[in-house]
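**Student:** I am attaching a structure below and will ask some questions about it afterwards.
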Amino acid sequence: MSIKTAGELAGMRAAGLVVRRTLEAMKRAVRPGVTTGEVDKVGAKVIQEHGARPAPALVYGFPAVNLISVNNEVVHGIPGARKIREGDLVKLDVTIEKDGFMADAAMTVGVGKISEEKSRLMACAERAFRNAMKVARAGVRVAEIGGEIEREVRRSGFSVIRELGGHGIGRTIHEPPSVPNYLDRNATERLTEGLVITVEPIIAAGSGKVFLRADGWTVETRDGGMSAHYEHTLVITKDEPILLTAA
């Protein structure tokens with residue numbers, strides 16, 4: 001969507017706040033021995049308390065409230081009986097609908113003591129996002145966001161998962177434009193003032209090649225490489241973007 005009124009901005013801010021509070025609560029719940037299903041329930045409680053609804057279930061029929069992916073699971077993991085272990089990388093991805101507005105964010109949580117590679121991978125995803133924010137301005141081509149992300153990821157020795165990327169959002173989960181995490185010369189659209197998008201580096205150690213598991217939802221790396229995901233919903237302006245899901 002493209003925000004045109006103060007009311008629309010207020011609606012998106014309210015949705016973003018619910019996402020942020022949900023992620024914060026889920027992050028606190030992540031620890032060894034807890035199941036991903038239990039973490040999902042923590043997030044579900046926050047969403048319900050704020051009068052919001054889980055957008056993946058609402059729009060696509062996802063069989064849980066939040067998306068939780070562990071280690072080489074990249075995105076769209078289904079929470080359940082899997083127990084979180086020391087050293088895991090846990091991706092928490094929250095998308096909600098509140099009063100007709102949708103917002104989306106994700107983070108990667110390292111559980112206890114993690115390996116140096118996992119630590120570097122997490123830091124790279126966030127750093128790539130921050131670099132992308134330097135060019136996320138009205139008038140800039142969408143491709144430049146992906147160029148910044150890909151440059152940082154490759155410099156750090158990791159791979160962009162090219163099949164996955166950011167997108168427009170607001171009235172539903174996935175709206176135009178697509179926001180690739182690599183320099184896609186075909187992404188010629190220019191960012192416009194008020195446009196609401198997600199920017200979300202989704203990266204992996206190893207080849208970055210992925211496949212869809214038999215459950216029809218979970219995307220996993222082919223070579224077993226670890227993955228990381230960092231995402232916020234933002235509003236494009238002439239200057240720095242407004243991060244709706246960040247503190």
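**Student:** Give me the pairs, please: first residue somewhere in the range 158-180 and of a type in the set (Phe, Trp, Tyr), second residue anywhere and assigned to a loop (DSSP other than H, G, I, E, B), beta-carbon distance under 7 Å, and either six or more positions apart or on two chains.
**Tutor:** Phe158/Ala205
**Student:** Identify all residues within the range 209-247 that are hydroxyl-bearing (Ser, Thr, Tyr) and open to solvent by less than 20 Å² (accessible area, probe 1.4 Å); write none if there are none. Write out each step before concluding.
**Tutor:** Just the residues of the range 209-247 that are hydroxyl-bearing (Ser, Thr, Tyr), to begin with: 218, 221, 227, 230, 233, 237, 245.
Passing the criteria: Thr218, Thr221, Ser227, Thr233, Thr245.
**Student:** While we're on this one: For Arg20, are the conditions met, namely being surrounded by 17 or more Cβ atoms within 10 Å (Cβ to Cβ) and basic (Lys, Arg)?
**Tutor:** Values: surrounded by 17 or more Cβ atoms within 10 Å (Cβ to Cβ): yes; basic (Lys, Arg): yes.
Yes, satisfied.
Conditions (1) touching a helix residue (DSSP H, G or I) at 6+ places or on another chain (Cβ under 8 Å); (2) surrounded by 19 or more Cβ atoms within 10 Å (Cβ to Cβ), marked per residue:
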position: Thr5; (1), (2): no, no
position: Ala15; (1), (2): no, yes
position: Glu24; (1), (2): no, no
position: His50; (1), (2): yes, no
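**Student:** If the requirement is being touching a residue at least 12 places away in the same chain (Cβ under 8 Å) and not in a loop (DSSP other than H, G, I, E, B), which of these qualifies: Ala132, Ala187, Ala138?
**Tutor:** Working: Ala187 fails: not in a loop (DSSP other than H, G, I, E, B); Ala138 fails: not in a loop (DSSP other than H, G, I, E, B).
Just a single option satisfies the conditions, and that option is Ala132.
**Student:** Would you pick out the residues in the range 148-172 that are open to solvent by less than 70 Å² (accessible area, probe 1.4 Å) and either charged (D, E, K, R) or farther than 24 Å from Asn72 by Cα (or both)?
**Tutor:** Here is the first cut: in the range 148-172, the residues open to solvent by less than 70 Å² (accessible area, probe 1.4 Å) are 148-150, 152-153, 156-161, 164-170, 172.
Passing the criteria: Glu148, Glu150, Glu152, Gly168, Ile169, Gly170, Thr172.
**Student:** Note down all Cβ pairs under 6 Å where the first residue falls in the range 96-114 and is in a strand (DSSP E or B) and open to solvent by 30 Å² or more (accessible area, probe 1.4 Å), the second is β-branched (Val, Ile, Thr) and modelled with pLDDT of 95 or more, and they're at least six residues apart or on different chains.
**Tutor:** Matching pairs, first to second residue: Lys98/Val18.
**Student:** State which residue pairs qualify: first residue on the phi > 0 side of the Ramachandran plot and inside the range 46-72, second residue open to solvent by 20 Å² or more (accessible area, probe 1.4 Å) in any location, beta carbons under 6 Å apart, and separation of 6 or more residues or different chains.
**Tutor:** From residues that are on the phi > 0 side of the Ramachandran plot, the pairs are Asn71/Met226.
**Student:** Could I ask something else about it? What number of residues within the range 190-208 are in a loop (DSSP other than H, G, I, E, B), more than 19 Å from Leu92 (Cα to Cα) and either in contact (Cβ under 8 Å) with a residue 60 or more places away in the chain or open to solvent by 10 Å² or more (accessible area, probe 1.4 Å) (or both)?
**Tutor:** 5
**Student:** Give the range 1-53 a look and list any residue that's under 24 Å from Thr108 (Cβ atoms) and of a type in the set (Asp, Glu), or say none.
**Tutor:** Those that are under 24 Å from Thr108 (Cβ atoms) and of a type in the set (Asp, Glu): Glu24, Glu38, Asp40.
**Student:** Also, quick follow-up: Of the conditions (1) in a helix (DSSP H, G or I); (2) open to solvent by less than 30 Å² (accessible area, probe 1.4 Å); (3) hydrophobic (A, V, I, L, M, F, W, C), Leu92 clears all except one; give me its number.
**Tutor:** Going through (1) in a helix (DSSP H, G or I); (2) open to solvent by less than 30 Å² (accessible area, probe 1.4 Å); (3) hydrophobic (A, V, I, L, M, F, W, C) one by one, Leu92 breaks only (1).
The values are calculated or read from the model by the stated rules, or taken from the named source; none is laboratory data. Values in this document were obtained by computation on a predicted structure and should not be read as measured data. Because the Cβ atoms are built from the backbone with ideal geometry, glycine has one as well, and the counts that use them run over all protein chains shown. Quick note on the areas: whole protein, heavy atoms, side chains included, nothing else; ligands and nucleic acids left out. Shrake-Rupley method; radii C 1.70, N 1.55, O 1.52, S 1.80 Å.
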